[in-house]
Amino acid sequence: MAINVGRSGHPEGYLPRAHMRLSIIIPTRNEVPRIEACIASFRPAMAQGTVEVIVVDNSSSDGTADRASAAGARVLIQGPERSAQRNRGAREA
């Protein structure tokens, strides 16, 4: 297997650790009691710009999407299956 090496001496597509970005995808439905604490656990990395949090909500009736947005997550609406939520989050990441 050949690996293309760019001018920097690194394989093509290589990003130094300082420039890597991780997408956290959280599928939800009526998770108000837990969503803020969940997103808060990623806040230090979010502040550094190394992590984005994507909440994919399944039409919650308890305000989960609003709370997630207020906590700093990007919110998408998708459902009803969990697999559809995960796939949508992955497409948007």
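For residues that are among the charged types (D, E, K, R) and outside any helix (DSSP H, G or I), tally how many sit in the stretch 30-71.
4
Going through N30, N87 one at a time, which residue ends up being in contact with an Asp or Glu (Cβ under 6 Å, 6 or more places away or on another chain), open to solvent by 30 Å² or more (accessible area, probe 1.4 Å) and not hydrophobic (A, V, I, L, M, F, W, C)?
The unique qualifying residue is N30.
Are any residues in the stretch 33-77 buried (at least 19 other Cβ atoms within 10 Å of the Cβ) and touching a residue at least 40 places away in the same chain (Cβ under 8 Å), and if so, which ones?
A68, A73
Suppose we keep only residues that are free of Cβ contacts under 8 Å to residues at least 40 places away in the same chain and assigned to a loop (DSSP other than H, G, I, E, B) within the stretch 19-29. Which one would you say is farthest from Q78 (Cα to Cα)?
The extreme case among them is M20.
Among (1) at pLDDT below 85; (2) more than 30 Å from S83 (Cβ to Cβ), where does A47 come up short?
The number of the failed condition is (1).
The values are calculated or read from the model by the stated rules, or taken from the named source; none is laboratory data. No experiment lies behind these values; they were computed from the predicted model shown. Positions of Cβ are generated from backbone atoms using ideal geometry, with glycine treated the same way; all protein chains shown enter the neighbour counts. Calculation scope for accessible area: heavy atoms of the full protein, side chains included, ligands and nucleic acids excluded. Shrake-Rupley method; radii C 1.70, N 1.55, O 1.52, S 1.80 Å.
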